[in-house]
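In what follows, a structure is listed as structure tokens, so that the remarks can point back to it.
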Amino acid sequence: MSFLWRSSASPSEDFQSSSGSADCCSPLQLRCAFKIKDESLTIATMSSLYVTTCTTQKQRGQYEYILVEKRGEEKNVGFIQLNRPKALNALCDGLMREVGQALDTFEADSDVGAIVITGSERAFAVQVHHDKPVAAFQSGADIKEMQNRTFQECFSGNFLAHWNSRLESSSPLIVVPLLFQLGGGCELAMMCDIIFAGEKAQFGQPEILLGTIPGSGGTQRLTHAVGKSMAMKMVLTGDRINAQEAKQSGLVSDIYPVDQVVSEAIKCGEKIASNSKLVTAMAKEAVNAAFELSLAEGNRLEKRLFHATFATEDRKEGMTAFVEKRKANFQDK
């Protein structure tokens, strides 16, 4: 079975995949496919509005939709790779549930001090650097899963509310988008703590084109990240911003070439994991509070958490090591 998509940029152009049968997805011909060309890159890919259904597949190890391992020289960085390449990593309840389970597992692992989330190594790529695979963290909500829902179902069931809770973690989360990060995919990225983007990455909230609005924090987190004016334009028009614009606006912390960005994110994770996990969790809580509290309330929380560090052995070790001009040996106590 081959898949056929129609380009929104040129209605006469079709893109076809020869990736074989898709036992987990049912794509529709939508005008939300994109074609990107430059001297070394040709990608034909659906946006985050890609339509799939999360049906049961043959279990691949512990998880069905993700791959999980520990990375870094000391294996102290959790690594979660979305792995629905035939569906371009479209988000569904099953995938989000597995991400939450993997986060819980890493949270319980005393060796892990940071977690990196990215996409599968081959979502749908054609002629990429002489046919070499490229990671494509392309994800968005499963539209077919939502298509026939009623207002009563959404309201009474608090639809999508649990997606935010899936990514609640005291460990810092570093997300690595490389190509399109749209709709639910953009919201997923903004739920994380740090965004390392590939130089070809694009971000957007195009839900308006489907007659709806973002439902997992897109209007709120995007406004905090890029400001009201740009967020309003992106949400009301469905326009996207590229990685450079995202970095200038503060949405993205770092940009690297596609073949380097994952390893750079892991290096960042290793650096974070080398610090006290206990104090790192306090620091993360303090920064995140800035999104929820007034300046006075935020300062008050910061002061309380700062004082709390003086009850830890790691604070004493850190300051002692500094005075003695040696590397601190944190014990997470």
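Where a number appears in this text, it was derived from the coordinates with a stated rule and is not lab data. Every value quoted in this text rests on a predicted model; they were computed, and no experiment measured them. All Cβ positions, even for glycine, are placed from backbone atoms using ideal geometry, and neighbour counts span all protein chains on display.
Over all alpha-carbon pairs of region 248-333, lay out the pair-distance distribution in 5 Å bins, whole %, shortest bin first.
3, 12, 16, 17, 17, 16, 13, 6, 1
Output the pairs from 75/277; 247/271; 267/333; 277/333; 70/277 with a Cα-Cα distance over 19 Å in this structure; if there are none, say none.
Exceeds cut-off: 247/271; 267/333.
For region 193-258 and region 281-322, compute the distance between their C-alpha centroids and round to whole Å.
After rounding, the separation between the Cα centres reads 29 Å.
May I ask for the Kirkwood hydrodynamic radius of region 277-323, worked out over all distinct Cα pairs and given in angstroms to one decimal?
11.3 Å
Would you please put 325-331, 239-245, 79-85 in order of how densely packed they are, using the mean number of other Cβ atoms within 10 angstrom per residue and starting with the highest?
Numbers: 325-331: 12.1, 239-245: 17.4, 79-85: 23.4.
Answer by packing, highest mean first, reads 79-85, 239-245, 325-331.
Each label point is 7 Å from the Cα along the Cα-to-Cβ direction; what then is the distance between the points at residue 248 and residue 70, in nm?
In this crude spin-label approximation the distance works out to 4.2 nm.
With r defined as the distance between the Cβ atoms of residue 156 and residue 317 and R0 fixed at 41 Å, what FRET efficiency is calculated, to the nearest 0.05?
0.20
Would you mind computing, in nm to one decimal, how far apart the modelled labels at residue 104 and residue 307 are, each placed 7 Å from Cα along Cα→Cβ?
Computed distance between label sites residue 104 and residue 307 equals 3.5 nm.
Counting Lys and Arg as +1 and Asp and Glu as -1, each charge on the Cβ, what is the dipole of region 277-323 about the Cα centre in debye, to the nearest 20?
Dipole magnitude for region 277-323 comes out near 80 debye.
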